[in-house]
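Engineer: My structure is below; once you've seen it, I'll send some questions.
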Amino acid sequence: MRRIAAIVASLALVGLAQNGAAQRRYPLDWPVYTPQPVQQLAATETARWPAPEAGQGVAVDAQHVYAIGNFVIARYDRITGTREAIWRGARGGMIGHLNACFVEAGELWCAHSNHPRLPFANSIEIFDATTLAHRRTVPLGIMDEGSLVWFDRLGKDWIVGLAHYNDETGLPFKNNSFAGVQLHDDRWRRLGGWALPDSVIALMAPQAASGGAIGPDGLLYLMGHDRPEMYVLARPRMGPYLIHVATIAIAAEGQAFDFDESRPGEVCAISRPAREIRCFRLPAVTLPGEDALRFTAQ
């Protein structure tokens with residue numbers, strides 16, 4: 001009898017669940033979200049220079065381009081292509097994996113991580129833009145959020161890109177979908193952030209973004225590890241996911257890049273296979289509707 005009673009009770013629960021599911025069905029006129037199509041655009045190359053140190057990225061100012069490697073930085077005159085200065089770290093030394101860099105007030109600010117070591121540990125390394133001598137460090141230590149690959153100013157705060165990987169250089173219990181974008185204040189305390197959209201995660205797999213920056217149009221630009229593409233993302237009106245608004249074909253195979261503030265609308269990137277720095281004029285990107293917003297200072 002107990003067994004029969006248990007079966008009857010189980011069937012009753014199934015019936016209640018089915019009735020509940022039926023009650024939760026949405027009416028036929030309930031709105032359905034339809035994402036806007038991703039714009040497919042192309043960049044136009046404007047200049048290139050050979051730079052054997054260009055393995056991780058590039059930084060740029062009005063007179064120079066800076067080739068960035070794992071533990072090497074070289075400054076080149078952008079008119080003559082002459083190498084004017086170089087900084088070399090020791091193999092196996094304190095600097096192991098420089099990533100995205102930018103020039104500010106006579107200094108070169110660089111994202112640095114302990115990649116491919118685990119757990120993830122990060123720092124900001126600051127160099128003299130003229131002599132390339134190391135000036136100071138901002139130690140961020142172990143960060144469960146990922147490996148620091150890029151950062152940029154957003155008003156008085158920082159916007160930061162952190163990577164996870166699908167191969168042996170990543171954590172076994174996290175894949176590249178855990179890569180994200182965060183906001184930090186001027187003391188590097190986390191304020192918030194966003195997840196990357198599935199479309200961008202899939203295009204960058206098994207790696208993550210190697211470069212990122214806020215463009216002059218207030219949108220976030222990312223490049224992956226090896227695809228000749230740049231992804232443009234907007235801030236969402238609500239929710240935790242950034243919005244993929246455009247993909248730009250560009251003759252540079254991923255890695256870190258830098259916007260050229262002396263030439264609005266231009267960006268410099270690298271071709272790691274060719275060991276070249278290449279600069280491009282980017283096309284205009286439009287916002288698709290009211291859900292996609294530009295990034296603004298807080």
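Engineer: Find all pairs meeting these conditions: Cβ atoms under 7 angstrom apart; at least six residues apart or on different chains; first residue within the range 235-249 and closer than 17 Å to Gly218 by Cα and in contact (Cβ under 8 Å) with a residue 24 or more places away in the chain; second residue of a type in the set (Phe, Trp, Tyr) and in a loop (DSSP other than H, G, I, E, B).
Structural biologist: Arg235/Phe295
Engineer: Mind checking whether some residue in the range 74-92 is surrounded by 23 or more Cβ atoms within 10 Å (Cβ to Cβ), aliphatic (A, V, I, L, M) and either modelled with pLDDT of 95 or more or more than 23 Å from Ala163 (Cα to Cα) (or both)?
Structural biologist: Within the range 74-92, none of the residues are surrounded by 23 or more Cβ atoms within 10 Å (Cβ to Cβ), aliphatic (A, V, I, L, M) and either modelled with pLDDT of 95 or more or more than 23 Å from Ala163 (Cα to Cα) (or both).
Engineer: I need the full set of residues from the range 77-91 which are within 17 Å of Phe127 (Cα to Cα), assigned to a loop (DSSP other than H, G, I, E, B) and not hydrophobic (A, V, I, L, M, F, W, C), in order please.
Structural biologist: Scanning the range 77-91 gives a single hit, Gly89.
Engineer: Say whether the condition of being touching a helix residue (DSSP H, G or I) at 6+ places or on another chain (Cβ under 6 Å) and either among the aliphatic types (A, V, I, L, M) or without any contact (Cβ under 8 Å) to a residue 24 or more places away in the chain (or both) is met by at least one residue in the range 194-201.
Structural biologist: yes
Engineer: Let me ask something else. Applying the selection to the range 31-49, what residues are in contact with a Gly (Cβ under 7 Å, 6 or more places away or on another chain) and either exposed (fewer than 14 other Cβ atoms within 10 Å of the Cβ) or part of a loop (DSSP other than H, G, I, E, B) (or both)?
Structural biologist: Filtering the range 31-49 for residues in contact with a Gly (Cβ under 7 Å, 6 or more places away or on another chain) gives 36, 49.
The one that is in contact with a Gly (Cβ under 7 Å, 6 or more places away or on another chain) and either exposed (fewer than 14 other Cβ atoms within 10 Å of the Cβ) or part of a loop (DSSP other than H, G, I, E, B) (or both): Gln36.
Engineer: Hey, among the residues in the range 207-225 that are among the aliphatic types (A, V, I, L, M) and under 11 Å from the mean Cα position of the chain (by Cα), which one's farthest from Ile68 (Cα to Cα)?
Structural biologist: Leu220
Engineer: Now a separate question. With the condition kept exactly as written, say whether any residue in the range 218-228 is in contact with a helix residue (DSSP H, G or I) (Cβ under 8 Å, 6 or more places away or on another chain), charged (D, E, K, R) and either over 21 Å from Cys101 (Cβ atoms) or assigned to a loop (DSSP other than H, G, I, E, B) (or both).
Structural biologist: Looking for residues that are in contact with a helix residue (DSSP H, G or I) (Cβ under 8 Å, 6 or more places away or on another chain), charged (D, E, K, R) and either over 21 Å from Cys101 (Cβ atoms) or assigned to a loop (DSSP other than H, G, I, E, B) (or both), one finds at least one in the range 218-228, hence yes.
Engineer: Being aliphatic (A, V, I, L, M) and either more than 18 Å from Val200 (Cβ to Cβ) or assigned to a loop (DSSP other than H, G, I, E, B) (or both) is the filter here, so list the residues in the range 125-171 that pass it.
Structural biologist: Ile126, Ala129, Leu132, Ala133, Val138, Leu140, Ile142, Met143, Leu148, Leu154, Leu171
Engineer: Additional query: Based on what the data block shows, is Arg88 of a type outside the set (Asp, Glu), in contact with a Gly (Cβ under 8 Å, 6 or more places away or on another chain) and farther than 25 Å from Glu261 by Cα?
Structural biologist: no
Engineer: Hey, can you tell me all the residues within the range 50-73 that are in a strand (DSSP E or B) and hydrophobic (A, V, I, L, M, F, W, C)?
Structural biologist: Residues of the range 50-73 that are in a strand (DSSP E or B), as a first pass: 50, 57-60, 64-68, 72-73.
Of everything in the range 50-73, those that are in a strand (DSSP E or B) and hydrophobic (A, V, I, L, M, F, W, C) turn out to be Val58, Ala59, Val60, Val65, Ala67, Ile68, Val72, Ile73.
The values are calculated or read from the model by the stated rules, or taken from the named source; none is laboratory data. Everything quoted here is computed from the prediction, not taken from an experiment. In this analysis, Cβ positions are derived from the backbone assuming ideal geometry, glycine residues included, and neighbour counts consider all displayed protein chains.
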